[in-house]
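Quick notes on the structure that follows.
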Amino acid sequence: MNCARETSLVEIVVTDADPGMLSARLGSSARITPTASGLRIEVSDEKEVDAVIAALRQANGKLIAVQPVRQSLEELFLDEPDPGRSPTVREGSVSSKQ
């Protein structure tokens, strides 16, 4: 598995918060998605979690969960390779000692 390709997304699940207010306070650093039970907020770095929690407090919302988002096996295998990245195995690149 290539660690450089893993995502570092963090999911924050909240309730009782106005999505418009949170969006205004967080700007484009967070992706806010309404769910049946509240809101799901995704940030691209663990360092951004504090800002989300501060905005949530100002909005009088409730924190339900904070958890890293892991890449599924399907995403891992179906993800397109980077165009500028060289292949892992190249023809003639394997050498053996004689």
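What is the local net charge at I12, summed over the other residues whose Cβ is closer than 12 Å to its Cβ (Lys, Arg +1; Asp, Glu -1)? It would help to have the intermediate numbers written out before the result.
Numbers: positive: R31, R40, K62; negative: E11, E42, E46, E48, D50.
Spelling it out: positives minus negatives among the neighbours equals -2.
If the convex hull of the alpha-carbon atoms of region 3-78 is projected onto planes in all directions, what is the mean projected area in square nanometres?
Working: hull surface 22.1 nm².
Dividing the Cα hull surface by four gives the mean projection, 5.5 nm².
Could I have the simple spin-label model distance between L78 and T15, label points 7 Å from Cα toward Cβ, reported in nm to one decimal?
3.2
When the dipole is taken about the Cα centre of region 3-78, and only Lys, Arg (+1) and Asp, Glu (-1) are charged at their Cβ, what size is it in debye, to the nearest 20?
On the way: 8 positive and 11 negative charges, 36 e Å.
The dipole magnitude comes to about 180 debye.
Quick check: pseudo-label points 7 Å beyond the Cα along Cα→Cβ at D45 and S28, how many nm apart are they?
My value for the distance between the label points is 1.6 nm.
Which of V49, V10 has the fewest other C-beta atoms within 10 Å, and how do the rest follow up to the most? Write out the running numbers ahead of the final one.
On the way: V49 16, V10 20.
Going from least to most buried by this count: V49, V10.
Would you please give the residues with an amide H less than 5 Å from that of G38, counting only those at least 5 places away or on a separate chain, with H modeled from the backbone geometry?
Those lying under 5 Å, H to H, from G38: there are none.
A short reminder: the numbers here are calculations on the coordinates, not readings from a lab. The structure displayed is predicted, hence computed values, not measured ones. Neighbour counts are summed over all protein chains in view; Cβ atoms, including those assigned to glycine, are modelled from backbone coordinates with ideal geometry.
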